Amino acid sequence: MLMNYQFSNSSMLQACSYNPEARELTVTFVNGRDYTYEDIEKEFYEALIGAPSPGKFFNAHKSGLVQK
């Protein structure tokens, strides 16, 4: 089941979706670009959507993400 989230509190991120079966996270930036990352734990997705500043959270962790 694909999990979708729309950010209302981010000037950098527009939305994201998480596929728990494939362990893939797709992030949509406000400029409309989508990037998909693989081997993502559900806890990372939950932390991203629950972060006070999703953009700062993503930037702090993006170097460890593997882009598909």
**Message:** Condition first: within 14 Å of LYS68 (Cα to Cα) and of a type in the set (A, V, I, L, M). Can you find one or more residues in the stretch 28-45 that meet it?
**Reply:** yes
**Prompt:** Which one is farthest from ASN4 (Cα to Cα), of the residues in the stretch 39-68 that are of a type in the set (A, V, I, L, M, F, W, C) and out of contact with any helix residue (DSSP H, G or I) (no Cβ under 8 Å at 6 or more places or on another chain)?
**Reply:** ALA60
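Coordinate-derived values only; no laboratory data. Everything numeric here is computed off the predicted structure, so don't read it as measured data. Counting neighbours? That spans all protein chains shown, and the Cβs are built from the backbone with ideal geometry, glycine included.
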